[in-house]
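Student: I'd like to ask you about the structure that follows.
Nothing in this text is a laboratory measurement; each read-out follows from the coordinates by a stated rule. In this text the structure is predicted, and so the values were computed from the model without any measurement. No Cβ is skipped: glycine too gets one built from the backbone with ideal geometry, and neighbour counts run over all protein chains shown.
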Amino acid sequence: MQLPDPGLLFRLAVAVFVIVTPTLMFLGLVRLLERVRDDDLIYRLMTEEELRTVERSHSLAGFVEEVTGTTPGTVRCPDCGAINAAGMGSCVECGARVG
Ligand SMILES: [Zn+2]
């Protein structure tokens, strides 16, 4: 059996090194950042408003609110734009029909 060209083996080794090393370094960096992350510090530095925004953006209700412009279980009055509870016959603000 003939041995492969040493030059080819060397080039293959370099190629594997070049492909694998950045991947491992990136994964190492992500692990490191996850370990040094301090959730308590983040929550201490965020204001109440920012916290509410983050929590809403992580919930399904927040997503629905963002897409439809209303909170779930509510309807917006077509006349005055007031928020009314779903199932109400008329707007609490102006009395127009909603639903
Ligand atoms: Zn109204």
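Student: Answer yes or no as to whether THR71 is polar (S, T, N, Q), more than 13 Å from the ligand (Cβ to nearest atom) and closer than 26 Å to ARG97 by Cβ.
Tutor: Yes.
Student: Taking the range 1-55 as the region of interest, how many residues are part of a loop (DSSP other than H, G, I, E, B) and among the basic types (Lys, Arg)?
Tutor: Initially, the range 1-55 is screened for residues part of a loop (DSSP other than H, G, I, E, B), giving 1-5, 37-38, 46-47.
Now drop any that are not among the basic types (Lys, Arg), which leaves 37.
Adding up the residues that qualify gives 1.
Student: Kindly provide the set of residues from the range 62-80 that are exposed (fewer than 14 other Cβ atoms within 10 Å of the Cβ) and within 27 Å of LEU51 (Cα to Cα), ordered by number.
Tutor: PHE63, GLU66, VAL67, THR68, GLY69, PRO72, GLY73
Student: Yes or no: the range 60-74 includes at least one residue that is on the phi > 0 side of the Ramachandran plot and either over 22 Å from the mean Cα position of the chain (by Cα) or in a helix (DSSP H, G or I) (or both).
Tutor: For the range 60-74, residues on the phi > 0 side of the Ramachandran plot and either over 22 Å from the mean Cα position of the chain (by Cα) or in a helix (DSSP H, G or I) (or both): present.
Student: Return the total of residues in the range 81-91 being exposed (fewer than 13 other Cβ atoms within 10 Å of the Cβ) and either over 33 Å from the mean Cα position of the chain (by Cα) or near the ligand (Cβ under 8 Å from one of its atoms) (or both).
Tutor: Residues in the range 81-91 being exposed (fewer than 13 other Cβ atoms within 10 Å of the Cβ) and either over 33 Å from the mean Cα position of the chain (by Cα) or near the ligand (Cβ under 8 Å from one of its atoms) (or both): 2 in total.
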